Amino acid sequence: MPKLTMVQAINLALHQEMERDDTVLIMGQDVAVNGGVFRLTDGLFDKFGPERALDTPLAEGGIIGAMLGMAINGLKPVGEIQFSGFAYLTLAQLEGNVARTRSRSLSKFTAPLVLRMPYGGGVRALEHHSESKEAYFAHTAGLKTVIPSTPQTAYRLLLAAIRDPDPVVFMEPKHSYRAFKEEFEADEEAGELSRCRIVREGEDLTVVSWGAMLHRTEKVIEQFVEDTGASVELIDLQTIAPMDGNTIAQSVRKTGRAVVVQEAQRTLGPASEIIALINDKALMYLEAPVKRVTGFDVVMPYFARENFQIPSEPRIRDALAETLAF
Amino acid sequence: MPSKVIARFSVSYQQILDEKGGVDEKLDPKLPDDKLLEIYRVMLTGRRLDERLLKMQRSGRVGTLPVSVGQEAASGAAALAMEDDDWFVGSYREVAGRIARGEELYKSMLIYGGFEEGNISDNAPRMLPLSIILASQIPHAVGLAYAAKMRGEKTAVLAFSGDGATSEGDWHEGINFAATWKAPVVFLVQNNHWAISTPLHKQMNNRTIAQRGVAYDIPCLQVDGNDALAVYKATKEALDRARNGEGPTLIEALTYRMLMHTTADDPKKYRPEQETEEWKKRDPLTRFRAYLVNKRIWDGDRDGELEETVKSEIDAAIEYYRNYADYKLDQPFDHQFGTIVETLEEQRAEYLKYAR
Ligand SMILES: Cc1ncc(C[n+]2csc(CCOP(=O)(O)OP(=O)(O)O)c2C)c(N)n1
Ligand SMILES: [Mg+2]
């Protein structure tokens, strides 16, 4: 297979799913004729027509609300919110209706839908185009929140999200959209939601990250391992909620030490939950307190200062060193 | 049971300057010369500032940005119809309007260069920062207006949005609040016919945006948004009504986005160049200049003079931006709350350890 970027991988997944299942449709602002502002949905309008590739009016609440109706009535809408900074306008529907469609109707009605959105910083963008607020969605019971980190996993996880019987918020790290290409299997095999991925195995330290931070962390680990000879295990969280605590705990029981690297601000971010899960499932194996490297609890600064907010390589490296030295 | 018509409505359209700059004498608001020259100066400054910002973006000196080229009359002339104490509530495509309110030219550079410091201007104290979350500013405008009224101020609010933004719930909610409260606010929609790649007919089934005012029972009209006189007159009358306790007005200004949505966008992908060519003929600056020439208050010599002044103002702004010195690394921590928060101070120390 050729090498693909994450944009191409997601685009391919959408093409294949729409081909395979004619109840799948895409909708959102500028997704049809324009192919989306990041070109994730390029070509779908030409191939599947205006009925299955919809440019909607400009209203996020309307988009997700209509998607729920479609999902209840036999379709599988894959919606796009142009930037996650505008997705807060969907929260009323997500929390108030989408996430509880199954539970309130005792599974008589269900909401198999996917809400995609780019998120995250580091691209010198305008206000509301850079934050990482996966916690808002993860804090909604009945909703799955997924964040891929590579072209291949984005492809597999999106297939899984579309085929999942329940609503999935699919957050795409825009910093990784075109940052690199990867050898690629386009075999239409879905990945597994609520399952972490072990990126590299190690014995001394467990590091957990996701999204664009995973790559920065991986890079730091490679150098760190070369410099110190430590053996570090890296885990890609992949699904923020419901979280795969067992894979993380299993790793920590082996290594006895852990660091979590998250782009999002600190308070009540996924790192907090990961550390709580380690407490629940592996506390007696710990040889050092679990460290977290996170954004600070400030409103996402405009881009002149965004690189001080997003965990930098030196910050991550210091956390690894301190945790190992404890 | 009677079946009868219980209400009928109409929506008016106003144009004062034709496409060649000829004026409808009956409608001409007969503004004093200095006001007319001010309108032209503001529109030209907006145009030139946008052009320079585009160049700065291409050479990496600022980030992604929207420009307002072609829409200078719709925001610039409207803002010049305001009183000093009125509030300006913009979206992000009102470059000329912000200049009209007195905002320093370097503020746009700061904003698009990634600095919150560009959001505020002592020269324009009654102006809210850019609102990028579409239509979210509309209810704010209503709240400002309510507060002004309650505090006994005789001021009004001018709130801008785009055509696409009128699809958001916030837009409708805000207008309904204003209508219900008879709040002193004027809603001006810059209908530039596109919301990124989405044309009007995919945005709404309405023939006009103005007619939505009918639904909320407030005065509404459509104006030629590239006609500075029509925009000025409609806005002035609406603001006066608002200040006199007569409630809100909805103005739809028909205009056109001559360039890309933002520097990250490529309109070739979705709109016919023919359409853009057509709109070139209605350029708000050309028309207004022709009107000034006809009135014998403008000529070729004055073009050079004004261009020169505007250029040196923009040069000075660029120079200021380049040497921007108030760059406090931990500024974000200074402005989260009005009180000291211990955990945040701990985080500030960690931030400063790595910020460089
Ligand atoms: C709530 C919200 N959703 C989506 C966006 C992304 N976005 C930015 S501008 C734009 C189009 C706006 O069109 P319009 O209101 O007509 O204003 P124009 O850009 O044409 O001036 C979109 C979809 C946004 N800024 N806010
Ligand atoms: Mg528009």
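A few remarks follow.
- Residues being touching a helix residue (DSSP H, G or I) at 6+ places or on another chain (Cβ under 9 Å), in a helix (DSSP H, G or I) and surrounded by 17 or more Cβ atoms within 10 Å (Cβ to Cβ) - total across the range A:251-271: 4
- Remark: residue A:306 falls outside the filter, which requires a residue to be at pLDDT 95 or above and not in a helix (DSSP H, G or I).
- The set of residues in the range B:107-129 being among the aliphatic types (A, V, I, L, M), farther than 19 Å from residue B:314 by Cβ and either surrounded by 20 or more Cβ atoms within 10 Å (Cβ to Cβ) or more than 16 Å from ligand 1 (Cβ to nearest atom) (or both) consists of B:120, B:127.
- Considering the range A:282-303, and only residues there that are aliphatic (A, V, I, L, M) and buried (at least 20 other Cβ atoms within 10 Å of the Cβ), the residue that is farthest from the other protein chains (Cβ to nearest Cβ) turns out to be A:282.
- Sole residue being more than 16 Å from ligand 2 (Cβ to nearest atom), within 16 Å of the chain's Cα centre (by Cα) and acidic (Asp, Glu), chosen from B:103, B:19: B:103
- Residue check for residue A:134: under 13 Å from the mean Cα position of the chain (by Cα) and within 21 Å of residue A:272 (Cβ to Cβ): yes
- Count of the range B:205-220 residues, restricted to those that are in a loop (DSSP other than H, G, I, E, B) and away from ligand 1 (no atom under 11 Å from the Cβ), is 10.
- The listed residue being in contact (Cβ under 8 Å) with a residue 12 or more places away in the chain and within 13 Å of chain A (Cβ to nearest Cβ), out of B:116, B:104, B:94, B:72: B:116
- Test result for residue A:61, within 14 Å of chain B (Cβ to nearest Cβ), touching a helix residue (DSSP H, G or I) at 6+ places or on another chain (Cβ under 6 Å) and surrounded by fewer than 20 Cβ atoms within 10 Å (Cβ to Cβ): yes
- Any hit, the range B:134-145, residues being within 14 Å of another protein chain (Cβ to nearest Cβ) and over 24 Å from residue B:263 (Cα atoms): yes
- Checked against (1) touching a Phe, Trp or Tyr at 6+ places or on another chain (Cβ under 8 Å); (2) within 16 Å of ligand 2 (Cβ to nearest atom), residue B:254 passes all but a single condition, namely (1).
- Taken together, the residues in the range A:14-28 that are in a loop (DSSP other than H, G, I, E, B) and either at pLDDT below 95 or touching a Leu at 6+ places or on another chain (Cβ under 6 Å) (or both) amount to 1.
- Pairs, first more than 10 Å from chain A (Cβ to nearest Cβ) and closer than 22 Å to residue B:232 by Cβ in the range B:186-197, second within 7 Å of ligand 2 (Cβ to nearest atom) and part of a strand (DSSP E or B), C-beta under 9 Å, six or more apart: B:189/B:162; B:190/B:162; B:191/B:162; B:192/B:162
- For the range B:158-172, the tally of residues that are more than 13 Å from ligand 1 (Cβ to nearest atom) and within 11 Å of another protein chain (Cβ to nearest Cβ) stands at 1.
- Unique residue being at positive phi and either among the small types (Gly, Ala, Ser) or surrounded by fewer than 17 Cβ atoms within 10 Å (Cβ to Cβ) (or both) when the list is B:302, B:296, B:271, B:322: B:296
- Top-ranked residue in the range B:146-174 [being closer than 23 Å to residue B:261 by Cα and over 15 Å from the mean Cα position of the chain (by Cα); ranked as surrounded by the fewest Cβ atoms within 10 Å (Cβ to Cβ)]: B:169
- One residue stands out among those in the range A:84-143 that are in contact with a strand residue (DSSP E or B) (Cβ under 9 Å, 6 or more places away or on another chain) and at positive phi: the one that is farthest from the other protein chains (Cβ to nearest Cβ), which is A:120.
- Taking the listed residues A:181, A:133, the one that is modelled with pLDDT of 95 or more and within 26 Å of residue A:86 (Cβ to Cβ) is A:133, with no other qualifying.
- Just one residue in the set B:96, B:77 is within 16 Å of ligand 1 (Cβ to nearest atom) and either assigned to a strand (DSSP E or B) or buried (at least 24 other Cβ atoms within 10 Å of the Cβ) (or both); that residue is B:96.
- Of the residues making up the range B:175-200, those that are part of a strand (DSSP E or B) and either away from ligand 2 (no atom under 13 Å from the Cβ) or not polar (S, T, N, Q) (or both) are B:185, B:186, B:187, B:188, B:189, B:194, B:195, B:199.
- Wholly within the range B:239-324, helices (runs of 4 or more DSSP H) carrying at least 1 residues that are touching a Ser or Thr at 6+ places or on another chain (Cβ under 8 Å): B:284-294, B:300-322
- Selection from the range B:201-224 of residues that are within 19 Å of the chain's Cα centre (by Cα) and within 12 Å of ligand 2 (Cβ to nearest atom): B:209
- Residue match in the range A:184-195 (condition: under 18 Å from residue A:261 (Cβ atoms) and small (Gly, Ala, Ser)): no
- The range B:325-342, subset part of a helix (DSSP H, G or I) and either within 23 Å of residue B:104 (Cβ to Cβ) or touching a Ser or Thr at 6+ places or on another chain (Cβ under 8 Å) (or both), residue farthest from the other protein chains (Cβ to nearest Cβ): B:334
- Residue B:135 falls short of the stated requirement of being within 16 Å of ligand 2 (Cβ to nearest atom), outside any helix (DSSP H, G or I) and within 21 Å of residue B:240 (Cβ to Cβ).
- Note on the range A:173-207: residues that are on the phi > 0 side of the Ramachandran plot and touching a helix residue (DSSP H, G or I) at 6+ places or on another chain (Cβ under 6 Å) amount to 1.
- Residue match in the range B:267-276 (condition: touching a Lys or Arg at 6+ places or on another chain (Cβ under 9 Å), within 14 Å of chain A (Cβ to nearest Cβ) and closer than 26 Å to residue B:210 by Cβ): yes
- Count - residues of the range B:156-174 that are in contact with a Phe, Trp or Tyr (Cβ under 7 Å, 6 or more places away or on another chain) and away from ligand 2 (no atom under 13 Å from the Cβ): 3
The values are calculated or read from the model by the stated rules, or taken from the named source; none is laboratory data. Bear in mind that the values here come from a model prediction, so they are computed numbers and not experimental data. Here Cβ is always computed from backbone atoms with ideal geometry, including for glycine, and neighbour counts include all displayed protein chains.
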